[in-house]
Amino acid sequence: MKAIIGGTGIDKDQRFSSKIERIVTKYGEAFYSVSDDIVFLPRHRPSHSVPPHMINYKANVQALADLGVEEVISIYAVGSITRRLSPGRFGLVRDFIDLAYSRENTFFDGSTRDVRHTPFVEPFDRLLGARFARNAVHAGSSLALDCVYITTNGPRLETPAEIMAYRSMGADVVGMTLGTEAALLKEAGIPNAAVAYSINWAAGLDAEGVSFLEDESVEKLVSTIMAIAVRTLSV
């Protein structure tokens, strides 16, 4: 079984909301649907009702493990910090910086499993990412590579001073969910390729403030990414 995790924008795809099933894990409940042998899991729940800092990431990842998922493509809407991934483009995330706080971001907290220190030299699965990249090229899409994602706590957006600090730290894009989710997927031993798509310039980098792509542009971008992700996992 393979899976796609989607959030803002991506979870508007009907495959995340049709024939929804509920699964209860030892960390709580999660929701998903299955289409063409691919699990579609909306990280914010089907109605997109849960903000980033309140998502039950452990339940979502445990649900995938309980369902026997062997590979995941996780997709994230982000703000651009550098031109490596500018608005309207998508690409693969190579690494991340996690600044989120007050979240349950590990399975190894001593309560239900032994304490372990999981290596993160390679946060994402290179082979799965390479397959996604090849399919993107075959589809005629240009994608960015080696993006660094910085995770903020949310739900508020960032200040211009914060964005300048994140740029100096080496971040290319900013979002609110990847760091927590990627860490748990890695701990669960589920190979994961992270795809980011930019819908705006981050605070202080756009003369108009924080202006987002128009809905039509986002829908077209989401459709392209989803088609590539499904093709990548349908092997």
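The values are calculated or read from the model by the stated rules, or taken from the named source; none is laboratory data. Source: prediction; values computed, not measured. Cβ sites come from the backbone with ideal geometry, for glycine too, and all protein chains shown count toward neighbours. For the accessible areas, the whole protein counts, side chains as well, though only heavy atoms, and no ligand, DNA or RNA atoms are used. Shrake-Rupley method; radii C 1.70, N 1.55, O 1.52, S 1.80 Å.
Things to note:
- Counting only Cβ charges, +1 for Lys and Arg and -1 for Asp and Glu, the dipole size of the chain around its Cα centre is about 260 debye.
- Share of pairwise Cα separations in the chain, more than 27 Å, in percent: 29
- Relative packing of peptides 155-166, 191-202, 75-86, 36-47 - highest average C-beta neighbours within 10 Å first: 191-202, 75-86, 36-47, 155-166
- The stretch 92-163 and the stretch 47-81 have Cα centres separated by 11 Å.
- For the stretch 62-137, the solvent-accessible area works out to 52 Å² per residue, with a probe of 1.4 Å and every protein chain left in place.
- In the chain, the portion of solvent-accessible area held by carbon and sulfur atoms comes to 50 percent [1.4 Å probe, whole percent, DNA, RNA and ligands not counted].
- Kirkwood hydrodynamic radius over Cα pairs of the stretch 1-102, then Stokes diffusion coefficient at 10 °C and 1.306 mPa s, in µm²/s: 109
- Pairwise label distance in nanometres, GLU122 with GLU21, each label 7 Å out on the Cα-Cβ vector: 3.1
- Nonlocal Lys pairs with alpha-carbon distance under 25 Å, the chain (8 or more apart, or different chains): 13
- Mean shadow area of the stretch 146-187, taken as a quarter of the surface of its Cα convex hull (nm²): 3.2
- For the pair HIS138 and SER47, the difference between a 0.36 nm per residue extended length and the Cα-Cα distance amounts to 29.4 nm.
- Of the GluC sites (Glu not before Pro) found in the stretch 164-235, those in coil by DSSP whose Cβ has at most 15 other Cβ atoms within 10 Å are GLU208, GLU214.
- Across the stretch 155-235 the C-alpha pair distances fall into 5 Å bins from zero in the proportions 3, 12, 16, 19, 20, 16, 10, 4, 1 percent.
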